[in-house]
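Okay, structure first, notes after.
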Amino acid sequence: MVSAPRQPESLGDYLYRHLNLPLDFEGPFTVKHLADVAVLATAHSAGYAATQHMVSLMAGIPVPTERNDEREGFWFKFWQASGTAYFMPANMKHSVVAALDGDGTSLADRFLTGLSEMSPEQWAATASVVGTALEGRLSPLKEPERNGELWLRDVQLTAWRVLYADHAPLGWEERMAFREEWKSV
């Protein structure tokens, strides 16, 4: 599952500065141009890749439906185990849809906040709920509680990566200053 790409604002600057390609350039590209654009795009993709991974993690658990919103359903159990309304489907809907559109910051913030408010007992109970939901999707290498624990840790770290990549991205001047400072060490 891949969400809509969100182009970083500074990528256009890089293309112009490094390849002398204005955003409205319509001329032919050489293989070298395409390779350079791919390298620059990759360099700017940390937030996008982290958002995609977070969406992929979400795709591993059941999607809320009327059936699993009932007391026996995954999302009810997830909400009850975690002890926070952050994880109620109605509260998460906007954040999940935004992540599917390429902006994972709201979902990342929701996960980090909700997970940080959980007690160790709530964490363990939530890991059990998630691990049970993951059964059948993973090879039987780990017990359900362990799979749920790994899923929660992965969501937590991925959410941090999304927010870190989105927070205060370096502009061209800051990147060049950073480079020069390290070269002078």
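FYI, it's all coordinate maths here, none of it is from the lab. All values derive from a computational prediction rather than experimental measurement. Note that we place each Cβ from the backbone using ideal geometry, even for glycine, and neighbour counts take in every protein chain shown.
Brief remarks follow.
- Measuring r between the beta carbons of Ala35 and Ala59 and using R0 = 41 Å, the FRET efficiency lands at 0.85.
- For Lys142, a cut-off of 25 angstrom between C-alpha atoms picks up these lysines, skipping any fewer than 8 places away in its own chain: Lys77.
- Around Thr126: net Lys/Arg minus Asp/Glu count, Cβ-Cβ under 11 Å: -2
- Working note: Debye formula, equal point scatterers on the alpha-carbon atoms of the range 46-185, no solvent; log10 I(q)/I(0) at q = 0.12, 0.14, 0.20, 0.21 Å⁻¹ is -0.52, -0.66, -1.20, -1.30.
- Percentage relative contact order, the range 72-185, counting C-alpha pairs under 8 Å, at least six apart: 24 percent
- Nonlocal amide H pairs with Leu21, under 5 Å, H built at 1.01 Å: Tyr16
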